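Colleague: This is the structure I have questions about; it appears just below.
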Amino acid sequence: QAQPVESGGGLVTPGGSLRLSCVLSGNILSLLGMGWYRQGPGKQRELVAGISQGGTTTYADSVKGRFTISRDNSEGTVYLQMNNLKPEDTAIYYCNLHPNPVDSWGQGTQVAVSS
């Protein structure tokens, strides 16, 4: 089973930006709807953004207007551009299938927003 690999996290100050990447091996990305999820300290994992096989996107209300999900099927990569980051965006970010994630999560990438 192909396991996505997330990267691009880091520590930023409020108002900063990061771009996360999720690489899926096996040249199958074009067949899949994908999503970015996050789990903050003491919180349940939640959907941040999803992108369908055809490119239709959906966002959590808390990130609309600040985050953009995109995909490059030729590179097998899904991106999450995050702008105007807030302390409440602090979390481990994961990618998985969307809208039905499988019960197998990668390591994720840590995003910390703090002054």
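Colleague: Which one, Leu24, Gly40, Gly76, is farthest towards the positive end of the dipole of the chain when Lys and Arg carry +1 and Asp and Glu -1 on their Cβ?
Modeller: Positive-most Cα among the choices belongs to Gly40.
Colleague: Whole-Hz ³J(HN,Hα) for each residue in the range 7-14, computed from phi via Karplus 6.51 cos²θ - 1.76 cosθ + 1.60 with θ = phi - 60°, x for glycine and proline: what do you get?
Modeller: 7, x, x, x, 9, 9, 8, x
Colleague: To continue, here is another question. Output wanted: per-residue J couplings in Hz (rounded whole) for the range 79-93, from phi through Karplus 6.51 cos²θ - 1.76 cosθ + 1.60, θ = phi - 60°, x for Gly and Pro.
Modeller: 10, 9, 8, 10, 10, 6, 5, 10, x, 6, 7, 4, 4, 8, 9
Colleague: Taking every alpha carbon pair in the range 1-78, what does the distance histogram look like in 5 angstrom bins from 0, in percent?
Modeller: The distribution over the range 1-78 is 3, 14, 23, 26, 20, 10, 4, 0, given as percents.
Colleague: According to a simple spin-label model (label point 7 Å from Cα along Cα-to-Cβ), what is the distance in nm between Ile28 and Ser7?
Modeller: 2.2
Colleague: Give me the percent of the accessible area of the chain that comes from carbon and sulfur atoms, probe 1.4 Å, all protein chains in place. The partial results should precede the final answer.
Modeller: Details: 2850 of 5980 Å².
After summing per-atom areas, the C and S share lands at 48 percent.
Colleague: So, in nm, how far is label Gln39 from label Ala60 when the simple model puts each one 7 Å beyond its Cα toward the Cβ?
Modeller: 1.3
Colleague: List the residues whose amide H sits under 5 Å from the amide H of Arg71, counting only those 5 or more places along or on another chain, with H placed 1.01 Å from N in the peptide plane.
Modeller: When sequence neighbours closer than 5 places are left aside, the close amide H contacts are Tyr79.
Colleague: Check which residues have an amide H placed less than 5 Å from His98's amide H, if you skip close sequence neighbours.
Modeller: Gly33, Met34, Gly35
Colleague: Further question: Quick check for me: using +1 on Lys/Arg Cβ and -1 on Asp/Glu Cβ, what's the dipole size of the chain about its Cα centre, in debye to the nearest 20? Let's see the in-between values first.
Modeller: Numbers: 8 positive and 8 negative charges, 39 e Å.
Dipole size: approximately 180 debye.
Colleague: What FRET efficiency do you get for Asp72 and Ser115 if R0 is 25 Å and r is their Cβ-Cβ distance, rounded to the nearest 0.05? If you can, show how the numbers build up before the last one.
Modeller: Values: r = 33 Å, r/R0 = 1.32.
For Asp72 and Ser115, the calculated efficiency is 0.15.
Colleague: Okay, next question. Quick check: from the Cα gyration tensor, does the range 68-115 come out rounded (a/c under 1.5), prolate or oblate?
Modeller: Values: a/c = 2.38, a/b = 1.45, b/c = 1.64.
Here the range 68-115 falls in the oblate category.
The values are calculated or read from the model by the stated rules, or taken from the named source; none is laboratory data. Because the structure is predicted, anything quoted here is derived from the model rather than measured. Heads up, the Cβs are rebuilt from the backbone with ideal geometry, glycines too, and the neighbour counts pull from every protein chain shown. Please note that ligands, DNA and RNA were not included when accessible areas were found on the heavy atoms of the full protein model with its side chains. Shrake-Rupley method; radii C 1.70, N 1.55, O 1.52, S 1.80 Å.
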